[in-house]
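See structure below.
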Amino acid sequence: MKKVVFIGVILMAIIGYALFSKGEEKPTPAKVIAQVLLTQVDDLSSFLKNKFQAVAESDSPNEKQLQQLFLQARLRYKKIEWAAEYFDAATTRSVNGAPVPEVEMSSGQVFQPAGLQVIESYLFPRYNATKQKELIKQLKTLQYGCNKYKTYFSNIDILDGQVFDAARLEVFRILTLGIAGFDDPLTQKSMAESAVSLESLKNVLNYYAGNDEASKKLASQISTAIIYLESHTDFDSFNRAEFITRYGNPISRSIANVERLLNIHVIRYNRLLRQDAQTLFDVNAFDVNAYAPNADAASTAQKIMLGKMLFSDPVLSGTGTRSCRSCHQPEKAFTDGLIRNTILGSKQPLKRNTPTLLNAGLQPAQFYDLRATTLEDQVSNVVHNPDEMHGSMVMAAKRLWQNKTYKQLFIKAYPMQKRTVIDTLEMMNAIGSYVRSLTMLNSRFDAYMRGDNTAMSKDELHGFNLFMGKAKCGTCHYMPLFNGNLPPRFIKMESEVIGVPQSATAHVIDADLGRFNIMQTPSFKHAFKVTTVRNASRTAPYMHNGVFKTLNQVMDFYNKGGGTGLGIKIDNQTLPFDKLNLSAKESRDIIAFIKSLDSRY
């Protein structure tokens, strides 16, 4: 790999010199970087067509040759990943997207799986010769993606602020997805690929480097991290906790520092991960108002106080007997400890288990079936649901306006002239603001990642490394939120089909169709939101139907390969159905790690 990197550095230098020699003025770093990207995309496209596709189209393709060509293609893609993901995420979905159908929730459009991850399934662990035509088709799809990249990078002006933002996000991508094996689950060449991604970042950032100590420090940190990755290539034994704290976090801090020293202009926009976050674990790295309906809906102290009162007041229910707090009890991590609560005014169980509200504000979609896009929508849905609260926001608003205390609180939280009523949107927003205040990323794990080396035990750290590695938990429950909010862009909440049974003993899939009830896409049958693992030790029982009473049962279910591993026939299970082969000690350590994620409140 070192030879390839060395040639790449020379090539980038030649491109920069060529640009400089053509004009009187030296090109800006961003312009040189754009040209380098075009050259790298050309290299990937040419490789795919002239080498990979040429072998794939032969009469009897050699398995080892195809596998090696695939690995080389992935390394070429990793050189441009930082820019491809940042500037043209739509195209990247067909170049290195998930190997399952994806649905655009706003439009309902279904995107079929395509790209490198699909090809991986054709070639590993053995080449499936019956997929030759599909392999060739996917290679052509990749080339089409390269053409779109070339068009894009030929026609846009890359800004310096975007380069630094994209670079920092790529570091976060490596830490959350890259070293977890998210996009290479079969080959598990995660460390080699992450090293190439970092080398590419080093070369890009080098165009901004001067003789200052900050730039030299950054280059040295990246080089040291690359050496570590190249020296520790075994997927299962890789020490992810060590790599993140010793290499990943310092690199992202240094990128932010160099950006500041160079006075790089940053264009601000709304997103969950703040643009000034130096690491994923900064105390204020996440903006709890990012998913609020609009800027006016941002939380304030007055809204939170009002929302807390409404949260505990049964005035919102039709019978006046149930409040939000009835099911989301603070002393039980904002759950109720029940398998399923009961239908209002009945002893019959509700359809689903009560999820925690801790850190719910960090999700771009709510409910197990992701049917609500904001907390405000969730509040309205629950209040009007005849099984849950059977209330009316309009009627509750009228009653609240007659209450002097509430009247004054609404006037303070939502000041306006000549107010005569309470708007139902204000009620929804007040409760939503309170739920956003329940964001608590202050666990012992967070303390460890922020530099307190005494915050976690040896067994807990081993459990974290297993969670992010051998056990593959981190490929669905993404660090650092440990839910299904896909990093580092945090704009897509994912669901999975894991084959949850009706009961712990009956190996029959639960009848609840999940997201399929909302959108009749076949891949959504039995699909449910990937819930957070944070505070999981306090939120038993588990799964959408509360089928498992303990974390030990949950670990056993995953260790066997989910529903398919139990013998349930599920054509669309997205959870890998092969056994994890975790030992009893490894399962205990993962549970110990999960307990280190408990918030302090």
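The values are calculated or read from the model by the stated rules, or taken from the named source; none is laboratory data. Not measured: the values here are computed from a predicted model. Using ideal geometry, Cβ is built from the backbone for each residue, glycine included, and neighbour counts are taken over all protein chains shown. Surface areas here come from the heavy atoms of the whole protein model, side chains and all, with no ligands, DNA or RNA. Shrake-Rupley method; radii C 1.70, N 1.55, O 1.52, S 1.80 Å.
Within the stretch 362-378, is even one residue among the charged types (D, E, K, R) and surrounded by fewer than 20 Cβ atoms within 10 Å (Cβ to Cβ)? Scanning the stretch 362-378, I find at least one residue that is among the charged types (D, E, K, R) and surrounded by fewer than 20 Cβ atoms within 10 Å (Cβ to Cβ), so the answer is yes.
All of (1) open to solvent by 20 Å² or more (accessible area, probe 1.4 Å); (2) among the β-branched types (Val, Ile, Thr); (3) in a helix (DSSP H, G or I) hold for VAL383 with one exception: (1).
Can you tell me which residue within the stretch 101-123, out of those that are modelled with pLDDT of 90 or more and part of a loop (DSSP other than H, G, I, E, B), is least open to solvent (accessible area, probe 1.4 Å)? Ranking the candidates gives ALA114 first.
Checked against the criterion of being more than 21 Å from GLU494 (Cβ to Cβ), open to solvent by 30 Å² or more (accessible area, probe 1.4 Å) and part of a loop (DSSP other than H, G, I, E, B), the candidates LYS579, LYS585 yield just one match: LYS579. Total residues in the stretch 235-284 satisfying the condition of being part of a loop (DSSP other than H, G, I, E, B), closer than 17 Å to ALA166 by Cβ and not small (Gly, Ala, Ser): the figure is 15. There is at least one residue in the stretch 248-265 that is open to solvent by 80 Å² or more (accessible area, probe 1.4 Å) and either of a type in the set (Val, Ile, Thr) or modelled with pLDDT under 95 (or both). Summed over the stretch 28-74, the residues that are open to solvent by 40 Å² or more (accessible area, probe 1.4 Å) and in contact (Cβ under 8 Å) with a residue 12 or more places away in the chain give a count of 11. Of the residues making up the stretch 378-410, those that are of a type in the set (Ser, Thr, Tyr) and touching a residue at least 40 places away in the same chain (Cβ under 8 Å) are SER380, SER392, TYR406. Looking across the stretch 288-300 at every residue that is of a type outside the set (A, V, I, L, M, F, W, C) and surrounded by fewer than 20 Cβ atoms within 10 Å (Cβ to Cβ), the one that is nearest to the chain's Cα centre (by Cα) is identified as ASN289.
Do you know which residues across the stretch 266-287 are among the polar types (S, T, N, Q) and open to solvent by less than 50 Å² (accessible area, probe 1.4 Å)? Answer for the stretch 266-287, where residues must be among the polar types (S, T, N, Q) and open to solvent by less than 50 Å² (accessible area, probe 1.4 Å): GLN275, THR279.
Rundown of residues vs (1) in contact with a Gly (Cβ under 8 Å, 6 or more places away or on another chain); (2) surrounded by fewer than 15 Cβ atoms within 10 Å (Cβ to Cβ); (3) in a loop (DSSP other than H, G, I, E, B), yes/no style:
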residue	(1), (2), (3)
TYR127	no, no, yes
GLN132	no, no, no
LEU135	no, no, no
GLY145	yes, no, no
PHE164	no, no, no
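Note on the stretch 510-525: residues that are part of a loop (DSSP other than H, G, I, E, B) and either touching a residue at least 12 places away in the same chain (Cβ under 8 Å) or surrounded by 22 or more Cβ atoms within 10 Å (Cβ to Cβ) (or both) amount to 7. A single member of PHE593, PHE528 is in a strand (DSSP E or B), aromatic (Phe, Trp, Tyr), under 27 Å from LEU441 (Cβ atoms) and in contact with a Gly (Cβ under 6 Å, 6 or more places away or on another chain), and it is PHE528. Does at least one position in the stretch 176-198 carry a residue that is of a type outside the set (Gly, Ala, Ser), out of contact with any helix residue (DSSP H, G or I) (no Cβ under 7 Å at 6 or more places or on another chain) and more than 30 Å from ILE119 (Cα to Cα)? No, that holds for no residue. VAL554 falls short of the stated requirement of being among the β-branched types (Val, Ile, Thr), part of a loop (DSSP other than H, G, I, E, B) and within 23 Å of LYS458 (Cα to Cα). Scanning the stretch 386-405 for residues that are open to solvent by less than 70 Å² (accessible area, probe 1.4 Å), part of a loop (DSSP other than H, G, I, E, B) and over 17 Å from ASN341 (Cβ atoms) yields a total of 2. Restricting attention to the stretch 321-342, the residues that are open to solvent by 40 Å² or more (accessible area, probe 1.4 Å) and not polar (S, T, N, Q) add up to 7. Could you list, in sequence order, the residues of the stretch 77-98 that are open to solvent by 40 Å² or more (accessible area, probe 1.4 Å) and either under 22 Å from ILE518 (Cα atoms) or among the aliphatic types (A, V, I, L, M) (or both)? Listed by number, the list holds a single entry, ALA90. Among the residues of the stretch 557-568, those identified as in a loop (DSSP other than H, G, I, E, B) and touching a residue at least 24 places away in the same chain (Cβ under 8 Å) are LEU566, GLY567, ILE568.
On the given criteria, is GLU193 open to solvent by less than 40 Å² (accessible area, probe 1.4 Å), part of a helix (DSSP H, G or I) and charged (D, E, K, R)? Yes, satisfied.
Listed conditions (1) surrounded by fewer than 21 Cβ atoms within 10 Å (Cβ to Cβ); (2) closer than 25 Å to SER599 by Cα; (3) touching a residue at least 60 places away in the same chain (Cβ under 8 Å); (4) out of contact with any Leu (no Cβ under 9 Å at 6 or more places or on another chain) are all met by LYS351, apart from (2).
Results for (1) of a type outside the set (Phe, Trp, Tyr); (2) under 32 Å from the mean Cα position of the chain (by Cα); (3) closer than 22 Å to ASN545 by Cβ, shown as yes or no for each residue.
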site	(1), (2), (3)
LEU306	yes, yes, no
LEU310	yes, yes, no
VAL315	yes, no, no
GLY320	yes, no, no
CYS324	yes, yes, yes
HIS328	yes, yes, yes
GLU331	yes, yes, no
ILE339	yes, yes, yes
SER346	yes, no, yes
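Residues in the stretch 389-410 that are at negative phi, under 38 Å from the mean Cα position of the chain (by Cα) and of a type outside the set (Ser, Thr, Tyr): 8 in all.
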